Amino acid sequence: MKQLLYFTSFLCLLAFPFKGAAQGSDAATNPDNSIILGARAGGTFSQFTQPGTVISGNIGAFGRYQALPYLQVQLDLGYDTFGGGRTDLNRELAQLPESVEGVPSGLLTHLEYLNRQVFFHSAKGQLSARLSLPELNGAAMQPQLIVGVNGAYIFRARENRDQYMVFEDGSRIILSNDWEEVGADYTSVNVGAHFGLGLDFNLQNGETFSVEFTYDRGFTDLNDIQFGQPENIEVLRIHRFGIGFTYTILHF
């Protein structure tokens, strides 16, 4: 993964210091060195190391610059959701609960969380190098090799599960399909890298429609649970497969 990050950074640096080295060829394939802006949307299948896949979506905008005949640099910004299945959690309690209507009297001893899934809401940015064959510039369809890095600020985490409230006398209350805000149990920043393939379709109206297939690997351990049994505290790094669609809107 370190080699992937170094390679991406090297490609992005090529966009500016070494631009003059390929000026003649670049002028033939992209005479105005245009920057294009557009909209993007897509969907992802995400999970942690354990079973349990979350299907989610994303939406945002992108900017793309033809740095060299064979290299485009793309920046994506947008709203993103992802998540995954979690192992069952048993939280031991050591205090009396507050009086709640419908809750049996007595000592609440522990909570059992089953069939857990967590959903993250984030603001995401990613920087990608898109590599292609210069001789295909301007063709009706142009394949792209995509490699890059990404980061996300997680501003909301929600968990869906079946909750069992177990009391000292053996009675229990079951809350099926329960939702809870669990942002305190997770880190707020996720950093990762991605790679994949794209297809650019140059349309007759002068715009470009792209389809991208990417794999995203998170480097950050998202788990920050401070309250629970040690065996429930596992390392959580996200794995994602995504399909994205982009459409150009503005040219500069």
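The values are calculated or read from the model by the stated rules, or taken from the named source; none is laboratory data. Computed from a predicted model, the values in this text were never measured in an experiment. Every residue, glycine as well, gets a Cβ built from its backbone with ideal geometry; the counts of neighbours run over all protein chains shown. Surface areas here come from the heavy atoms of the whole protein model, side chains and all, with no ligands, DNA or RNA. Shrake-Rupley method; radii C 1.70, N 1.55, O 1.52, S 1.80 Å.
Looking at segment 161-175, is at least one residue basic (K, R), part of a strand (DSSP E or B), modelled with pLDDT of 90 or more and open to solvent by less than 40 Å² (accessible area, probe 1.4 Å)? So that I can check it myself, show each step before the final result.
Keep residues of segment 161-175 that are basic (K, R), which gives 161, 172.
Now restrict to residues that are part of a strand (DSSP E or B): 161, 172.
Subset that is modelled with pLDDT of 90 or more: 161.
From the residues that got through so far, the ones that are open to solvent by less than 40 Å² (accessible area, probe 1.4 Å) too are 161.
Checked segment 161-175: at least one residue is basic (K, R), part of a strand (DSSP E or B), modelled with pLDDT of 90 or more and open to solvent by less than 40 Å² (accessible area, probe 1.4 Å).
Quick one: which of F213, F227 is modelled with pLDDT of 95 or more and open to solvent by 50 Å² or more (accessible area, probe 1.4 Å)?
Values: F227 fails: modelled with pLDDT of 95 or more.
Just one listed residue meets the conditions, F213.
Taking G138 as the residue in question, decide whether it is of a type outside the set (V, I, T), out of contact with any helix residue (DSSP H, G or I) (no Cβ under 6 Å at 6 or more places or on another chain) and on the phi > 0 side of the Ramachandran plot.
yes
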Fill in the blank from the handout: F155 meets each of (1) at pLDDT below 90; (2) within 30 Å of the chain's Cα centre (by Cα); (3) surrounded by fewer than 14 Cβ atoms within 10 Å (Cβ to Cβ) with one exception, condition (1)
Practice task
Exactly one condition in (1) more than 17 Å from R40 (Cα to Cα); (2) surrounded by 18 or more Cβ atoms within 10 Å (Cβ to Cβ); (3) touching a Lys or Arg at 6+ places or on another chain (Cβ under 7 Å); (4) not polar (S, T, N, Q) is not met by H110; state its number.
Solution key: (2)
Exercise for the section: Residue by residue through segment 139-160, note down the ones that are aliphatic (A, V, I, L, M), more than 23 Å from G52 (Cα to Cα) and part of a strand (DSSP E or B). Expected result: M141, L145, I146, V147, V149
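For N205, state whether it is open to solvent by 10 Å² or more (accessible area, probe 1.4 Å), out of contact with any helix residue (DSSP H, G or I) (no Cβ under 8 Å at 6 or more places or on another chain) and closer than 29 Å to D88 by Cα.
For N205, the condition - open to solvent by 10 Å² or more (accessible area, probe 1.4 Å), out of contact with any helix residue (DSSP H, G or I) (no Cβ under 8 Å at 6 or more places or on another chain) and closer than 29 Å to D88 by Cα - is not met.
Looking only at segment 176-199, which residues are over 24 Å from L222 (Cα atoms) and either surrounded by fewer than 16 Cβ atoms within 10 Å (Cβ to Cβ) or touching a helix residue (DSSP H, G or I) at 6+ places or on another chain (Cβ under 9 Å) (or both)?
Restricting attention to segment 176-199, the residues satisfying the condition of being over 24 Å from L222 (Cα atoms) are 176, 197-199.
Scanning segment 176-199 gives S176, L197, L199.
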Handout entry: Residue count, segment 127-138 (criterion: open to solvent by less than 50 Å² (accessible area, probe 1.4 Å) and assigned to a strand (DSSP E or B))
Key = 4
Exercise for the section: Identify all residues within segment 104-127 that are out of contact with any Ser or Thr (no Cβ under 8 Å at 6 or more places or on another chain), under 27 Å from F62 (Cβ atoms) and among the polar types (S, T, N, Q); write none if there are none. Expected result: Q126
Practice task
State whether the residues of segment 241-249 include one that is modelled with pLDDT of 95 or more, in a strand (DSSP E or B) and out of contact with any Gly (no Cβ under 7 Å at 6 or more places or on another chain).
Solution key: yes
